[in-house]
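The values are calculated or read from the model by the stated rules, or taken from the named source; none is laboratory data. Computed from a predicted model, the values in this text were never measured in an experiment. Ideal geometry is used to build each Cβ from the backbone, glycine not excepted, and the neighbour counts take in all protein chains shown. Side chains included, ligands, DNA and RNA excluded: accessible areas come from the protein's heavy atoms. Shrake-Rupley method; radii C 1.70, N 1.55, O 1.52, S 1.80 Å.
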Amino acid sequence: MDWDGLSASPGSPSTPFLPSTPHSPFIGPVSGSPPLHVDEETPLLRRVSFSADAHPRHNLRRPELSRTQHLGTVQSSDEIRRPVLRPVIRRASSGSIAHSTTSQQKIAGMSTFGQTLFNSIAILLGIGMLSEPLAFSYAGWTVGTILIVFYGFISCYTAKLLARIIMSDPRLRSYTDIGRKAFGPRSTLLISSLFCLELFSVSVILVTLYADSLHSVIPHFSSNTYKLWGLLILVPTVFLPLSLLSYTSVLGILSTVLMIIVILVDGVSKKDAPGSLWSPAETSFGVENANNLGLAFGLFMAGFSGHAVIPSLARDMADPTEFDKMIDWAFVIATFIYGLIGYAGYLMFGANVSEEISMDLLRTPGYSPILNQAALWMLVISPLSKFALTTQPASLKLNATISILLGIDVLPASHEDVAKRLTTPQGALMSRKRILGNIQRVVVTFLAVGVSIAVPDFSAVMSFLGSVSAFLICVIGPLAANIAITGKWSVFDGIVLVSATIMAIWGTGAAFRSA
């Protein structure tokens, strides 16, 4: 999915339409009315005249006319002319402004409350669910519970901040627009680089998950061998149109739902340890070491990294006033499911839980082989189908960033420049960017496979994703943008900003040490 693409939409501002021919119906006479002549005095053709009062812009007074002169301009001996009609300017009331704003917002969005809620949950729930049991094994019951609730709360809070910013200015359409308004045009490169890093990390995780799952089902070849073979499928798919790839997102939703069902069914159906909810494994309430706690920071936070599309969700709502209520439900459901999977997996396998709980489900005897293999095959097919959907936005953003750095393109200075680029043909510039984009799609695919082979640790890459991308994009970025735009901040904002910065640095260091 394109997490931050700029596209023309009905709600975005556009330049007025100017007809090119004199026969355009927009400038012809109204049907049923006589044609207008130049000598007729109409409000559209008459020069605007001001009264003897002060000029609306300049504090100048016109010279006073005598009563005879004044009447002469209105009445003559031949005909009685119509008096000059002065436009009446009325001040809009707060109620009419609110009604107009609400009407514009309703026209801009088309998604209902339920549709937006479903999309939000589908974005939040993903492959981060597989590492939740490992995060609890690193943090323990007490700290793990506090972290997952705290991260869910602050992520929901910053999502509301993004929605309020995006709805306060009709020119803003994306996360990048918010950053440009808060920190200036130069922030566009930094934000695009963060998105590229996040999407590339996700692509590496998808390659690792596909190969590990396939190795668990068919252990005749190593995971690295399956990663290399995967290039035969991954490279052609990156050239497919997004309209076709969007249908593959259904596989990701089905895979997530099936994995939740399999974990709970396996835990309840098995009576003896390991892998049983009736006979729990050995667990811990505390933190064993500081490095594991840093990994837990990133693993927990990686599950809430969906803020790149929050502005689009807010814009697309038919009733934006219900966004806060909708996002509350979305994060409550996502936090509950993450906590449920984390609790169940930690109880079933304890400190011996794997980086991906799906690996434990196939290795542990006593489970239904058909149900578990079906879930694992979904984890094989789903990453392959979602890889192109993830790397195409990354390639587009990387293409735009490299074009600016090489001087092929220039950085847009304002929202008007962005809108102009969307409506103006670029000619040779688009040809060069298209060629560069095709090359980058192949390069990004090979790089993702290469990094997955060099860093096969699923938990290390997932922790890096949460510590760097999730904290910066989901917590630090929205808070800093809100402070820069509004000029206001609270003690709670300061505490969250400092805490998120410390956890991000701590988790990043732990991820590099583990890799």
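For this structure, a couple of remarks:
- Förster radius 25 Å - calculated FRET efficiency between Leu244 and Leu362, Cβ distance, rounded to 0.05: 0.20
- Equivalent ellipsoid, the stretch 265-346 (semi-axes from 5 times Cα gyration tensor eigenvalues, Å): 34, 19, 9
- Dipole magnitude (debye, nearest 20) for the stretch 130-241, charges at Cβ of Lys, Arg, Asp, Glu: 520
- Per residue, the accessible area of the stretch 156-308 comes to 41 Å² when a 1.4 Å probe rolls over the protein heavy atoms.
- Separation of alpha-carbon centers, the stretch 159-195 and the stretch 291-326, rounded to whole Å: 15
- Taking 0.36 nm per residue of separation and subtracting the current Cα-Cα distance, fully stretching the chain between Ile505 and Val217 would add 100.0 nm.
- Among the listed pairs Lys325/Lys386; Lys160/Lys181; Lys160/Lys488; Lys227/Lys386; Lys160/Lys325, a Cα-Cα separation exceeding 20 Å is found for Lys325/Lys386.
- Between Gln115 and Leu340, the contour length at 0.36 nm per residue exceeds the alpha carbon distance by 78.6 nm.
- Here r is the Cβ-Cβ distance between Ile495 and Leu251 and R0 is 30 Å; the resulting FRET efficiency, rounded to 0.05, is 0.15.
- Stretching the chain fully between Arg434 and Glu322 yields a gain of 36.3 nm (0.36 nm per residue, less the alpha carbon separation).
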